[in-house]
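Working notes, structure below.
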Amino acid sequence: NSKVIQTPRYLVKGQGQKAKMRCIPEKGHPVVFWYQQNKNNEFKFLINFQNQEVLQQIDMTEKRFSAECPSNSPCSLEIQSSEAGDSALYLCASSHRDSQNTLYFGAGTRLSVL
Amino acid sequence: GDSVTQTEGLVTLTKGLPVMLNCTYQTTYSPFLFWYVQHLNEAPKLLLKSSTDNKRTEHQGFYATLHKSSSSFHLQKSSVQLSDSALYFCALSEGSNYNVLYFGSGTKLTVEP
């Protein structure tokens, strides 16, 4: 079973509503990644953090998404104003400093925007 | 830019037969290649990884060899089982640091009795 914990597993929102999902990375993993997996199973990288600092993010994330990884709290990804096209599986992954490019994924939050 | 190509979207096989799932990549950096498996409603899990040219890597009966000359990292298994039915993703990292992984479009493997 995955040691990356994502909540909730399912999230249903109306268009324009905020959608917030959380992730607890594996213990000792300093870097957290967020990916979006669409209905065609394609992965899109959104943002990653090292400790509380953003390492990389895409344009879409800058405009409508906000994310944070506060110390001693779960990481979160929030869509400010949900759109139908945001319906997807949002996957959180973490990686360890000894194997930095190896990602360990959670089971995801499946967002449906009605 | 970096990219990964998986040519088979769907593969259906009978239990006990061999399988090869294709993966080719494009990068100007030193490549690190990965295979992830995602069973229905589960987290993607690391299956294999490699950055060493021409060295076979194996795990749970699956194996792959990174061939930099052909930019390939095909996944193989000699005898598939029903439990191997899942989505398989090839992924590329352009370095050993906390780099973004670029994923292929995935191959859905269905194993029939």
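The values are calculated or read from the model by the stated rules, or taken from the named source; none is laboratory data. On a predicted model such as this, the values are computed, not experimentally measured, just so you know. When we count neighbours, we look across all protein chains shown, and the Cβ atoms used for this are built from the backbone with ideal geometry, even at glycine. Surface areas here come from the heavy atoms of the whole protein model, side chains and all, with no ligands, DNA or RNA. Shrake-Rupley method; radii C 1.70, N 1.55, O 1.52, S 1.80 Å.
Taking only the stretch B:21-40 into account, find how many residues are touching a strand residue (DSSP E or B) at 6+ places or on another chain (Cβ under 9 Å) and part of a loop (DSSP other than H, G, I, E, B). Lay out the reasoning, then the answer.
Taking the stretch B:21-40 first, the residues touching a strand residue (DSSP E or B) at 6+ places or on another chain (Cβ under 9 Å) are B:21-27, B:29, B:31-40.
Then drop every residue that is not part of a loop (DSSP other than H, G, I, E, B), which leaves B:22-23, B:27, B:29, B:31, B:39-40.
Adding up the residues that qualify gives 7.
What number of residues in the stretch B:55-99 are without any contact (Cβ under 8 Å) to a residue 24 or more places away in the chain, touching a Leu at 6+ places or on another chain (Cβ under 9 Å) and under 19 Å from B:GLN38 (Cα atoms)?
Final tally of qualifying residues: 4.
Name the single residue that is surrounded by the most Cβ atoms within 10 Å (Cβ to Cβ) among those in the stretch B:1-20 being assigned to a loop (DSSP other than H, G, I, E, B) and of a type outside the set (Asp, Glu).
Across the stretch B:1-20, the extreme among qualifying residues is B:GLN6.
Which of the strands (runs of 3 or more DSSP E) found entirely inside the stretch A:23-104 contain at least 1 residues meeting this: open to solvent by less than 10 Å² (accessible area, probe 1.4 Å)?
Counting at least 1 such residues, we get A:31-37, A:43-50, A:75-79, A:88-96.
Out of the residues in the stretch A:67-114 meeting the condition of being facing another protein chain (nearest Cβ under 10 Å) and among the small types (Gly, Ala, Ser), tell me which one is nearest to A:GLN37 (Cα to Cα).
A:GLY108
Has the stretch B:30-42 got any residue that is more than 13 Å from every other protein chain (Cβ to nearest Cβ) and out of contact with any Leu (no Cβ under 6 Å at 6 or more places or on another chain)?
Checked the stretch B:30-42: no residue is more than 13 Å from every other protein chain (Cβ to nearest Cβ) and out of contact with any Leu (no Cβ under 6 Å at 6 or more places or on another chain).
Only one of (1) on the phi < 0 side of the Ramachandran plot; (2) touching a strand residue (DSSP E or B) at 6+ places or on another chain (Cβ under 7 Å) fails for A:ASP59. Which number is that?
With respect to (1) on the phi < 0 side of the Ramachandran plot; (2) touching a strand residue (DSSP E or B) at 6+ places or on another chain (Cβ under 7 Å), A:ASP59 is out only on (2).
Inspect all residues belonging to the stretch B:10-22 and state whether any of them is among the basic types (Lys, Arg) and more than 13 Å from the chain's Cα centre (by Cα).
Of the residues in the stretch B:10-22, the ones among the basic types (Lys, Arg) are B:15.
Right, trim to more than 13 Å from the chain's Cα centre (by Cα) and you get B:15.
Yes, the stretch B:10-22 has at least one match.
For the stretch B:61-113, enumerate the residues that are away from chain A (no Cβ under 14 Å), surrounded by fewer than 20 Cβ atoms within 10 Å (Cβ to Cβ) and part of a loop (DSSP other than H, G, I, E, B).
Correct list: B:GLY61, B:LYS68, B:SER69, B:SER70, B:SER71, B:HIS74, B:SER78, B:SER79, B:GLN81, B:SER85, B:PRO113.
Which residues, counting only those in the stretch A:18-43, are facing another protein chain (nearest Cβ under 9 Å) and of a type outside the set (Val, Ile, Thr)?
Result: A:PRO30, A:PHE33, A:TYR35, A:GLN37, A:ASN40, A:ASN41, A:GLU42, A:PHE43.
Consider B:LYS15 carefully, then state whether it is in contact with a helix residue (DSSP H, G or I) (Cβ under 7 Å, 6 or more places away or on another chain), of a type in the set (D, E, K, R) and modelled with pLDDT of 95 or more. Break it down stepwise before answering.
On the way: in contact with a helix residue (DSSP H, G or I) (Cβ under 7 Å, 6 or more places away or on another chain): yes; of a type in the set (D, E, K, R): yes; modelled with pLDDT of 95 or more: yes.
So B:LYS15 fits the description; yes.
Going by the conditions given, is B:LEU40 of a type outside the set (Asp, Glu), open to solvent by 80 Å² or more (accessible area, probe 1.4 Å) and in contact (Cβ under 8 Å) with a residue 24 or more places away in the chain?
When the stated conditions are applied, B:LEU40 passes them.
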